[in-house]
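Colleague: Got a structure for you, written out below as structure tokens; questions coming shortly.
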Amino acid sequence: MSTHDSSDASINRRIDAIWRMESARVIATLARMLRDVGLAEDLAQDALVAALEKWPVDGIPDNPGAWLTTTARRRAIDRIRHGQMAELKHLQIAHELEHELEERHDAEQASLDDPIGDDLLRLVFVACHPVLSREARVALTLRLLGGLTTAEIARAFLAAEPTIAQRIVRAKRNLNEAEVAFEVPRGKELAERLASVLEVIYLIFNEGYSATAGDDLIRPALCEEALRLGRILAGLMPAEDEVHGLVALMEIQASRSHARIDADGEPILLLEQDRSRWDRLLIRRGLAALDQSERIATARNIEPGPYALQAAIAACHARALAAGDTDWAAISALYAQLARLAPSPVVELNRAVAIAMHAGPAAGLDHADTLVGEPSLKHYHLLPTVRGDLLFRLGRHDEARDEFERAAEMTRNARERALLLARAAQCGDDGG
């Protein structure tokens with residue numbers, strides 16, 4: 001590779017990194033002005049193309065985000081002037097855009113004057129609007145707020161690229177047809193919509209933390225993206241306890257990433273992990289976020305929310321330097337509280353594990369057995385996994401083997417399937 005080619009590759013990597021950091025802010029600013037998320041993204045992409053043409057020649061500007069925003073504004077004005085959007089509302093928008101540009105002496109000043117935080121927060125709520133399906137919210141959030149390409153989103157979720165592209169196009173069309181306001185909701189609606197935002201971010205994190213399909217157990221890039229979005233949201237909404245609760249949960253769970261798989265990519269169960277490999281910085285950040293969440297809840301005289309309770313459970317594990325030091329009584333009590341606040345079969349299954357660790361495998365199995373007929377867990381591989389483990393600990397190896405084999409048939413993750421089949425074989429070796 002020539003020096004020139006190497007230089008071009010280096011600057012393109014820098015532009016890509018800048019785009020990842022700045023694209024959400026650029027789109028958010030344009031969407032506020034144009035009241036059209038799809039058009040805002042198109043114009044932001046136009047600005048990116050302009051950057052790819054100009055920056056390798058002229059150099060990267062001191063304030064690249066402001067340059068991109070100003071360039072996109074000018075593209076919007078040009079598009080309106082050329083009659084492609086010649087409606088009264090668009091002509092009014094063009095006038096507003098021209099007025100803003102005239103008031104600014106340079107791109108840096110444009111950046112300083114924009115209410116970036118407010119715009120970004122509005123974009124979060126628009127991308128995660130309940131009018132969209134869960135899958136559409138996730139894809140649109142990664143596209144608009146994460147700056148990921150359609151191909152990257154498709155790879156992350158092992159989906160066909162045309163499927164993801166269609167999902168994103170349909171999502172933007174649905175937002176326009178529903179005339180979703182580009183604003184942060186208030187009052188009761190804020191709580192309802194915030195729940196959707198937090199769900200989307202946690203869905204992204206979970207897909208990275210425990211991949212539902214494919215050959216890899218974890219996809220670190222998705223975990224990192226969810227954490228980045230969570231931290232941004234915590235900065236934009238510092239008085240919301242559950243935002244901090246979610247960040248705490250993700251920070252603590254992410255701290256275990258390096259210990260969750262061995263050198264060959266095989267999964268390592270929580271109680272068997274080398275805790276010296278847990279990231280203590282992420283744990284400290286998570287515990288600080290949890291403390292912030294608890295302080296806000298106490299000040300508002302409200303109970304901890306579901307994310308804060310899950311973070312408190314994760315914190316019990318993080319504080320135990322060895323698996324044997326884990327406070328299972330506290331974890332069991334926290335799961336009982338979580339089951340009361342946000343009842344679900346999955347919570348009850350996790351509670352069964354905690355009960356087993358605190359009161360013995362027989363007590364845990366009794367609790368897990370109450371979930372066997374639960375329709376929502378019919379194809380959930382972790383139910384037979386948990387039952388298999390508890391049956392094995394009780395010496396009922398034939399039954400345990402059947403459960404592990406059933407779980408292996410259900411999972412779509414190759415690494416998990418291999419682990420479950422190995423556990424089934426162990427039942428035969430030890431007691432078959």
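Bear in mind that the values in this text are calculations on the coordinates, not laboratory data. Please read these numbers as outputs of a predicted model, since none were measured by experiment. Glycine also receives a Cβ, built like all others from the backbone with ideal geometry; neighbour counts cover every protein chain displayed.
Colleague: First measure r as the distance between the Cβ atoms of Asp398 and Thr149, then evaluate 1/(1 + (r/R0)^6) with R0 = 45 Å and state the FRET efficiency to the nearest 0.05.
Modeller: Calculated value: 0.35.
Colleague: Which one, Asp402, Asp118, Asp264, has the greatest fluctuation when you compute a Gaussian network model over the chain with C-alpha springs under 10 angstrom?
Modeller: Asp264
Colleague: If you work out semi-axes √(5λ) of the Cα gyration tensor in Å from the coordinates, which of [x] 41, 25, 20; [y] 35, 26, 21; [z] 46, 24, 20 do you get?
Modeller: It is the one labelled [z].
Colleague: Reported to two decimal places, what Rg/Rh ratio describes the range 266-387 when computed on Cα atoms with Rh from the Kirkwood expression?
Modeller: Values: Rg = 15.5 Å, Rh = 15.7 Å.
With Rg and the Kirkwood Rh in hand, the quotient comes to 0.99.
Colleague: Of the listed peptides 370-383, 326-339, what is their order by residue-averaged count of other C-beta atoms within 10 Å, with the highest listed first?
Modeller: So the peptides 370-383, 326-339, ranked by packing, come out 326-339, 370-383.
Colleague: Mind checking which of Gly208, Gly265, Gly230 has the largest fluctuation in a GNM of the chain, springs on alpha carbons under 10 Å?
Modeller: Gly265
Colleague: What angle, in degrees between 0 and 90 and rounded to the nearest 10, separates the Cα long axis of helix 328-341 from the longest principal axis of the Cα atoms of the chain?
Modeller: Its long axis makes an angle of about 60 degrees.
Colleague: Select from Gly235, Gly146, Gly305 the residue whose mean-square fluctuation is largest in a Gaussian network model of the chain (Cα-Cα springs shorter than 10 Å).
Modeller: Gly235
Colleague: Still on this structure, I have one more. Taking 0.36 nm per intervening residue step and subtracting the Cα-Cα distance, what contour gain separates Leu52 from Ala17 on full extension?
Modeller: Once the chain is fully extended between Leu52 and Ala17, it gains 11.4 nm.
Colleague: Can you give me the angle between helix 220-236 and the longest principal axis of the chain, using Cα atoms only, in degrees from 0 to 90, rounded to the nearest 10?
Modeller: Between the helix axis and the principal axis of the chain, the angle is about 60 degrees.
Colleague: To continue, here is another question. What full-extension length gain, to one decimal in nm, is calculated for Ala165 and Lys378 as 0.36 nm per residue of separation minus the Cα-Cα distance?
Modeller: 73.6 nm
Colleague: Which angle from 0 to 90°, rounded to the nearest 10, does the C-alpha axis of helix 187-209 make with the longest principal axis of the chain?
Modeller: Around 70 degrees separate the two axes.
Colleague: Right, another one. As a check on your grasp of the helix formula, calculate [θ] at 222 nm for the chain: sum -39500 (n - 2.57) over DSSP H runs of n ≥ 4, divide by the residue count, round to the nearest 500.
Modeller: Only helices count here, giving -24000 deg cm²/dmol.
Colleague: For Ala330 and Lys188 in one chain, what is 0.36 nm times their gap in residues minus the Cα-Cα distance, to one decimal in nm? Present the calculation step by step, with values, prior to reporting the outcome.
Modeller: Numbers: separation 142, 0.36 × 142 = 51.12 nm, distance 3.24 nm.
Residue separation times 0.36 nm, minus the Cα-Cα distance, leaves 47.9 nm.
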